[in-house]
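This report concerns only the one structure given below.
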Amino acid sequence: MMEIQDDHVFLSDAFTFLIEAIPDSIILKDGNGRWLNTNEAAKVLFNLHEIDWQGKTDKELCLAYPRLFATYFKFLADGVAWDKAKKSLFSETVIDSAGNLRDYEISRQPLFNKSNLCEGLVVIGRDITERIQAERNLRVADTVIESLEAIIVTDANNCIVRVNQSFTRLTGYTQEEVIGKTPAILKSGRHDKTFYQAMWKTLSKNRLWQGEIWDRRKNGEIYPKWITISAVSGPDGEIHNYVGAFTDLSEHKEAREAIHRLAFYDPLTDMPNRRLLRDHLDLALANSARNLHYGAVLMIDLDNFKYVNDTKGHAVGDLLLIEVAQRIKSSLRQGDIVARQGGDEFVIMLESLSTDVNEAAAQVDAVCQKILRTINQPFLIQGYELHTSLSIGISMFTFPNATSEEMLKRADTAMYQAKSAGRNTMRFFDPDLYASLERRMSLESELRQALANDQLRLYYQPQVDHKNRIFGAEVLLRWEHPEDGMILPNDFIPLAEESGLILSIGYWVMRTTCMQLKIWESDPAAKDLTLAVNVSAKQFSQSNFVEHVCSVLEETGASAAMLKLELTETLVLKNVTDTIEKMNALRDIGIRFSVDDFGTGYSSLSYLKKLPISQLKIDRTFVREININQNDAVIAQTIIGMANNLGFNVIAEGVETEEQRYCLQCFGCLSYQGYLFSKPVPLEEFEKQIKTSKGAMHEPGWK
């Protein structure tokens, strides 16, 4: 018994001081597995301060304290160490006394006496929670590093200590090839010493630098990259490493360049487009204002490009545009800008011309003549010998300068002047013509609002018989402009035709006229009146014109027999088949037709016989001098005789004197319209004339 006690004392005393100095949890057991001693770390971990543990075996402790075994199973599993009498190593996740999960590495070391007999066991539990977490973090970091940008890590002396696979993929260098070297191995030579000095200065001050650098790959290719360099400090505050993360900007720059070219360059000719031209022009105008040197904008249009496209195809047309662009460019000075505006239009910007306007204009003239001569030379494209010419409009810089948009508009105006002058020529901008066009554009905009703002008015010019009895009227349009007063149709109808507004205006006139006819049906003094409405060529050519007229009549309830449509001689014969079809359809519902301005066109009698015409209207040009000009008298007499022979009614317009009426009456014309009887008047005044007339009546002489 004394021997056992001595052994216990030996084992206990030998480790007492040692184990208390160690932060690991240590348990000392004798040869029978009884707990002899523990250090403070173990007492805290197992909460032994509240347990009677000393001298007990694992089994005894587990029976007395079941939680101890369930929580620290591997801590108490000594079988392998006892059975094999050798060191064993395990790991276990346990719950400490504070309730936290901790990772432990557990080792068991048998203790032997001098006779090499196992006299005890030391169990050591090392808390490796932080190490495990660090390893996990490193694995995550490695995964992140290998999966993201190219990474390069250097030490404090800027020697490379690590790179990732992305680095190798982008640069071509493996980790083995760069370890120990500096990043200078990647230098392209594009950046000077000052660039790198500024970079290191910023990095030293802010511990961070980022920007674009051009580097060289292993194969010698130079490429752009975006790099962020971070300085990594240790606990002592000193920089231990530099970490650079970078991406290859080559594709980004190529995409950006492609987007830039799409935005600012014409894809066919590779010339600047209108957008880039505007930028250059704005800058040139600003420079011109400072140095007082003149410049010019030249608007160029190919004269017969549509013909080439239509006859030779778009592929040949595109090649012609490319050749024209090259010839124009070859005719200019270095630095002059030529842009393709679209289609077959080009724009040239000349700057830094003379400070004298006349000399500057002469310089522009010389450039234009050179371009015209160059383009007049034949083009040989895909076996075709093509000929083309240009119309050039010129707008000189002014002081103070106009805006770039105004300059382009002026050049465009001048270009159309050149086309009107016969093409293959040039014209300088004419301010008077430009002012007229500006007014025309403004008028078009205002005309669009006229219908919505109820500014259009219908005037009525009476049509009378030889006894001065009113039988109808021609409906004439007026525009009551809020500022310019009453505008006559000659000043806005051509504009309405060009802009397409004539369709909506014509619909309004037709509808308003039919509404008035419906109102007159209940007025004994006016119920027999016919109203003549002028129909434009654009309006009549609409495929749904007949349906449109029928819908207006149905909507208003007006009688078709009281509506007369006036068509010009040119319109009637433009598309005879279509004209006959539409006129017959409308004639069948009771509408009648009058051919306006008769005698001014080139009517064929055979066509006139086929058309369902009710009336011919002698143009005022033959009426004006009918009593003093024998030729006019003969023409008028011929028209009247022809109308009578064909069974048409005839009416003369522009009758202003009794002498004119007398001649017409002598020739057999018994219906008149003109200032001799009345000028066009508003509805109220026309209705008064009806009441004071010798009586309204049916229109005479209907077929």
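What follows is calculated from the coordinates using simple rules that are stated; it is not laboratory data. The structure displayed is predicted, hence computed values, not measured ones. Here the Cβ is made from the backbone with ideal geometry for all residues, glycine too, and neighbour counts use every protein chain on show.
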Percent of beta bridges antiparallel (DSSP, segment 265-429, rounded to nearest 5): 85
Candidate lysines for bridging to Lys218, where Cα separation is under 17 Å - those fewer than 8 sequence places away on the same chain excluded: Lys181, Lys187
Spin-label model distance (nm) - Ala156 vs Gln369, 7 Å beyond Cα toward Cβ: 7.9
Three-way shape call for segment 444-692 based on the alpha-carbon gyration tensor, with the a/c threshold at 1.5: rounded
Relative contact order of the chain, defined on C-alpha pairs under 8 angstrom at six or more residues apart (%): 7
Footprinting exposure proxy for Ile27, Ile239 (fewest neighbouring C-beta atoms within 10 Å first): Ile239, Ile27
Charged-residue dipole, Cβ positions (Lys, Arg, Asp, Glu), the chain about Cα centre, Debye nearest 20: 1180
Highest average packing first - 321-330, 337-346, Cβ atoms within 10 Å: 337-346, 321-330
Proximal aspartates and glutamates relative to Lys467, as straight alpha-carbon distance under 20 Å, when same-chain residues fewer than 8 apart are discounted: Asp528, Glu653, Glu656, Glu658, Glu659, Glu687, Glu699
Cα gyration tensor category, rounded, prolate or oblate, for segment 265-429 with a/c compared to 1.5: prolate
Segment 389-528, relative contact order [Cα under 8 Å, separation at least 6], %: 15
Order of Thr374, Thr556, Thr38 under a 10 Å beta carbon neighbour criterion, fewest first: Thr374, Thr556, Thr38
Nitroxide proxy distance, nm - points 7 Å out along Cα→Cβ at Arg448 and His260: 3.7
Of Lys205/Lys253; Lys370/Lys409; Lys527/Lys609; Lys253/Lys409, those spanning more than 26 Å from alpha-carbon to alpha-carbon: Lys205/Lys253; Lys527/Lys609; Lys253/Lys409
Net charge of Cβ neighbours under 12 Å - reference Val552; Lys, Arg +1; Asp, Glu -1: -1
Calculated from backbone phi, Karplus (6.51, -1.76, 1.60) coupling profile of segment 39-51 in Hz, x at Gly/Pro: 8, 5, 4, 5, 4, 5, 4, 8, 6, 6, 5, 9, 10
Burial order of peptide ranges 258-264, 55-61, 364-370, 178-184 (average beta-carbon count within 10 Å, highest first): 364-370, 55-61, 178-184, 258-264
Mean Cβ count within 10 Å, highest first, over the residues of peptides 107-118, 568-579: 568-579, 107-118
Anchor Lys29: lysines whose Cα lies under 17 Å away (excluding residues fewer than 8 positions away in-chain): Lys43, Lys56, Lys59, Lys74, Lys84, Lys86, Lys87
Share, in percent, of DSSP beta bridges within the chain that are antiparallel, nearest 5: 80
Residues Met642, Met271, sorted so that the one with the fewest Cβ neighbours within 10 Å comes first: Met642, Met271
